[in-house]
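Read the structure below first, then the notes.
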Amino acid sequence: MRFVAALLLLLAGPAAAAPFQPCPSTTIGWALQYPPPLTAVLYDQGSQLLYVVWNYSIAEAYPSVPTSVMQTFSSSKNPVQVYNTSVVPSYHPLLLEEKNNCPLLLESTAYFWLAPNPVTPVTPTDFVLLANAVNFVLLANGAGQLCRAGGC
């Protein structure tokens with residue numbers, strides 16, 4: 001009996017994360033693929049939305065990114081370095097809905113940021129739970145402010 005239980009535990013390993021799918025309302029205009037850890041960069045030229053995909057499944061999205069950043073990715077052989085030097089210090093990551101990777105919007109169509117700009121590190125101390133009829137979203141609230149794209 002113990003053998004069967006141990007065998008079932010070994011066979012029931014962790015489930016693999018679903019592969020990244022871009023938000024249905026995003027029209028990707030430019031896409032690059034790389035080996036892990038940063039496996040894809042996708043750019044919507046119309047909305048200037050940049051997706052960075054880690055290990056085929058974990059996505060980050062950044063709004064108001066100029067085409068020049070995507071051109072930098074395109075001409076580089078080291079996408080992680082481009083991410084660390086051109087994206088992280090300059091752009092705010094967006095809060096994405098887990099079910100479809102779409103950025104979470106306010107009623108005014110402004111985006112919610114996932115965190116303040118990394119140039120000014122803030123430790124999240126509070127949490128806010130937003131809900132609608134379909135799902136719940138947990139937001140980190142750092143320094144007494146809930147941030148959205150365009151400013152805190």
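Details
- Taking amide H atoms as placed 1.01 Å from N in the peptide plane, the amide H of Tyr34 lies under 5 Å from those of Ala40, each 5 or more residues away in sequence or on another chain.
- Amide proton proximity set for Cys102, modelled H, under 5 Å, gap of 5+: Glu97
- Computed extension length for Leu105-Lys77: 6.7 nm, one decimal, from 0.36 nm per residue of separation with the Cα-Cα distance subtracted.
Just so you know, all these numbers are worked out from the coordinates, no wet-lab data involved. Fair warning: this is a prediction, and the values are worked out from it, not measured in the lab.
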